[in-house]
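Single-structure report; data block below.
The values are calculated or read from the model by the stated rules, or taken from the named source; none is laboratory data. Values in this document were obtained by computation on a predicted structure and should not be read as measured data. Cβ placement follows ideal geometry from the backbone for every residue including glycine, while neighbour counts extend to all protein chains displayed.
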There are 4 protein chains.
Amino acid sequence: MGANANGSGHFARAVAAGMYAHDNAARSWGVEIAEIRPHYAVARMTVRDDMLNSHGVCHGAMLFALADTAFAYASNSENRATLANSCTITFTEAVPAGAVLTAVAEKRSRGRRTGVYDVTVTTGKGAVVALFRGNSYEVRGESAPGLAGPRDTSED
Amino acid sequence: MGANANGSGHFARAVAAGMYAHDNAARSWGVEIAEIRPHYAVARMTVRDDMLNSHGVCHGAMLFALADTAFAYASNSENRATLANSCTITFTEAVPAGAVLTAVAEKRSRGRRTGVYDVTVTTGKGAVVALFRGNSYEVRGESAPGLAGPRDTSED
Amino acid sequence: MGANANGSGHFARAVAAGMYAHDNAARSWGVEIAEIRPHYAVARMTVRDDMLNSHGVCHGAMLFALADTAFAYASNSENRATLANSCTITFTEAVPAGAVLTAVAEKRSRGRRTGVYDVTVTTGKGAVVALFRGNSYEVRGESAPGLAGPRDTSED
Amino acid sequence: MGANANGSGHFARAVAAGMYAHDNAARSWGVEIAEIRPHYAVARMTVRDDMLNSHGVCHGAMLFALADTAFAYASNSENRATLANSCTITFTEAVPAGAVLTAVAEKRSRGRRTGVYDVTVTTGKGAVVALFRGNSYEVRGESAPGLAGPRDTSED
């Protein structure tokens, strides 16, 4: 069996679980981490009434919040503490209350310290509503401190 | 007296008040619009526990939320409906719970349809924690529908 | 035959040829448009000695130049005059003199007036050296003025 | 006398001179470094015919090139080798051939490894034509290798 791939998928999920337990913000927004693999994450969120702006549609910052969360879980999936350095987002369509949004984060590049991840935010109907790009920066430390390393999960 | 300048400052405040009354998101984050002038806005927010990420510091998306709100009020200050097209943010320092953040949004450019606004987010101690740049896009319609136009406020 | 598809591929190439004839900058950089389809373009450039920065590697602005050119041809491929509003680029690897670079531009989104295109710049060996994202803005007019419209090319 | 300030101004100019001697690209574009201080640079360039795009105006990439050069000299002014990680540019006005452009680069933030610099590009008439923001990343090494350090220039 593809032990390494399974192992690292298992490990990535353990990192995500460790992070999520302390991620007050993601939990307060109702963001769920639906899928996680090394350098890849899918996050979901339902647009609540308290997320609407003065035009009555989802505030752009909540689209950013969902995308940024997916970016954080994808870029920290190997338990090497990784921060957002700079992010850019383009809003392509208005999103009504009640919409269920999905953000898919994928690695585009990862060097020794810096990385780039793209996040696409879509509605249930598949419309792209925001395109996010995150530039990451790796620092010392673990993303989910105290978690056993990938090798220890090889029995998955 | 500087009727025009006062008038437009008064008008900008009326637009902001009209927007804020419907801005569920800004109110749910506890964001206050502390100051408003044409193409200029100051917004404030206190970092709550439900805004912290897994590292125990303010989630980057909440810095974005504050900055984006200041951008929205600055760019809509003349009651011409103006949306964010794309935004970029660089995070320069971690922010602890309880910090009182100030975002100052200023116009850098405004053409016929597009504009650029810079927002600087600082703590009470003056440390810059995030630098945001918003590219705006003007659409048809009013920011605060039904509000009397600037000319009608000249008796301010 | 797939008249529309062929027709628009043919038409996109005609637009590109019309643009390229007047594109002093692209020609002075030695940029070639290697492939063109609706909302898709591939551009190539060899890194010359006069493109090196003080570190002796390709100046980032020349990576931008190649990517921006691919973006321009992709976003103008339907002969609707389209400008760059804002662009972002992340540099992921240094590029030596003599490298042959390829930029592939693809549409991520296109609305009534605004659009988003991603451009990936790679070396001959497949290494990603820059990731570019362009936010476009459509204005009145044609990209290659005077060109016959798509329907007139149906005999291709 | 303000030894430190003078010294570092003198030193920044020496770094710039050391860089410029090897900066083939900047010289090929006719970019001049008009002013240099720690974390601040002014660069100038005249728009030549070989810099025009298919619309007959200055190619956006040449505005980027000028801005990026100013950014490089400002961010390397203390002789600590500093690279562009990601950059964003917004184009605000078309620039005709023959225009003399000025780019002013200023530090907005500089941490242990990362920094942010803003560059404003204007014409002789003062119109803002492009707004550039550069996120820098410090690596090991000197910007102008072999240059004596700041302390050795204190007799300036």
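Conditions: (1) at pLDDT below 95; (2) surrounded by 18 or more Cβ atoms within 10 Å (Cβ to Cβ); (3) within 14 Å of chain B (Cβ to nearest Cβ). D:Ala144 meets all but one. Number of the miss?
Of everything listed in (1) at pLDDT below 95; (2) surrounded by 18 or more Cβ atoms within 10 Å (Cβ to Cβ); (3) within 14 Å of chain B (Cβ to nearest Cβ), D:Ala144 misses just condition (3).
How many of the residues in region A:127-146 are more than 14 Å from the chain's Cα centre (by Cα) and under 12 Å from A:Ser75 (Cβ atoms)?
3
Looking at region B:19-32, is at least one residue closer than 18 Å to A:Asn24 by Cα and of a type in the set (Val, Ile, Thr)?
The answer is no; no qualifying residue exists.
Output the residues belonging to region C:119-133 that are out of contact with any Leu (no Cβ under 9 Å at 6 or more places or on another chain) and not in a strand (DSSP E or B).
Within region C:119-133, C:Lys125, C:Gly126, C:Ala127 qualify.
For a quick check of your reading: which helices (runs of 4 or more DSSP H) sit entirely within region D:1-118 and have at least 1 residues that are more than 7 Å from every other protein chain (Cβ to nearest Cβ), surrounded by fewer than 24 Cβ atoms within 10 Å (Cβ to Cβ) and out of contact with any helix residue (DSSP H, G or I) (no Cβ under 6 Å at 6 or more places or on another chain)?
Fully inside region D:1-118 and qualifying: D:3-20, D:24-28.
Please state which one of C:Val116, C:Val104, C:Val128 is among the β-branched types (Val, Ile, Thr) and out of contact with any Asp or Glu (no Cβ under 9 Å at 6 or more places or on another chain).
C:Val116
Scan D:Asp50, D:Asp68 and give me the residue that is under 21 Å from C:Val47 (Cα atoms) and touching a residue at least 60 places away in the same chain (Cβ under 8 Å).
On inspection, the qualifying residue turns out to be D:Asp68.
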